[in-house]
1. Among residues belonging to segment 70-115 that are without any contact (Cβ under 8 Å) to a residue 24 or more places away in the chain and of a type in the set (A, V, I, L, M), point out the one that is most open to solvent (accessible area, probe 1.4 Å).
2. Which residues, counting only those in segment 170-188, are among the hydroxyl-bearing types (Ser, Thr, Tyr) and under 16 Å from residue 57 (Cα atoms)?
3. Being part of a helix (DSSP H, G or I) and under 21 Å from residue 4 (Cα atoms) is the requirement here; does residue 107 meet it?
4. Within segment 133-188, take every residue that is open to solvent by 40 Å² or more (accessible area, probe 1.4 Å) and not in a helix (DSSP H, G or I) and give me the one that is modelled with the highest pLDDT.
5. Filter segment 18-48 down to residues that are at pLDDT 95 or above and touching an Asp or Glu at 6+ places or on another chain (Cβ under 9 Å), then give me how many there are.
6. Return only the number of the condition from (1) in a helix (DSSP H, G or I); (2) open to solvent by 60 Å² or more (accessible area, probe 1.4 Å); (3) at pLDDT below 95 that residue 67 does not satisfy.
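The values are calculated or read from the model by the stated rules, or taken from the named source; none is laboratory data. Computed from a predicted structure; not experimentally measured. Methodologically, a virtual Cβ is constructed for each residue, glycine included, from the backbone with ideal geometry; neighbour enumeration extends over all protein chains shown. Remember, those area values only see protein heavy atoms, side chains included, never the ligands or the DNA or RNA. Shrake-Rupley method; radii C 1.70, N 1.55, O 1.52, S 1.80 Å.
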Amino acid sequence: MDGALFTAINGLARYSDRPNDFFEFFGNYGPYLMIALLVAIWFWPGARTRRNLRQWAVINATAAAAIALGVNQVIIRLWDRPRPFMSHPAIMLLTPSRDPSFPSDHATFAFGVAVALALALRRIGIVALLLAVLISFARVYTGEHYVSDVLGGAFIGTTLAYAIYWSRPYVEPVIEPPLRLARRIYLA
């Protein structure tokens, strides 16, 4: 089933070059767009209470993505799943990666960030979730991952985003002093 879904989605790449360029861009550079979004949210001007909310959303998103990517590293050490282009005919739109396929780091990162933002900032979170879905789809479309790879990554990123969100009362006393210092020197 996973191979058939991969073949169906990746097979779309044979029909037109314009969508290929679109999905190549998001498959390669989507995570950088998410990072740019986090930086913009961090420095966006506004009332202090609103800025505090946005900055805590960025802290949560960064922590969720970082820890989720760490979980991925443990998983790939336990299960070395080959990339789909090694087992199936594929249309390769990106430079092939040789690290294990499951779980997708791109999907893990994107959903860790997007879900953390959605929990705190609904409108921005919806945009981030759409971007995360687009990045995940692009990774299958371009021949880099199976659908289950991106679903696994999305699950890991989402789970860690919720865990970080609910742990804020426990970590806030540790994070707040350096955050106050950053605000005093205009870094937050």
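1. Filtering first and then ranking leaves 78.
2. Matches in segment 170-188: 170 only.
3. yes
4. Here the answer is 185.
5. Counting residues in segment 18-48 that are at pLDDT 95 or above and touching an Asp or Glu at 6+ places or on another chain (Cβ under 9 Å) gives 1.
6. So residue 67 meets the others, but not (3).
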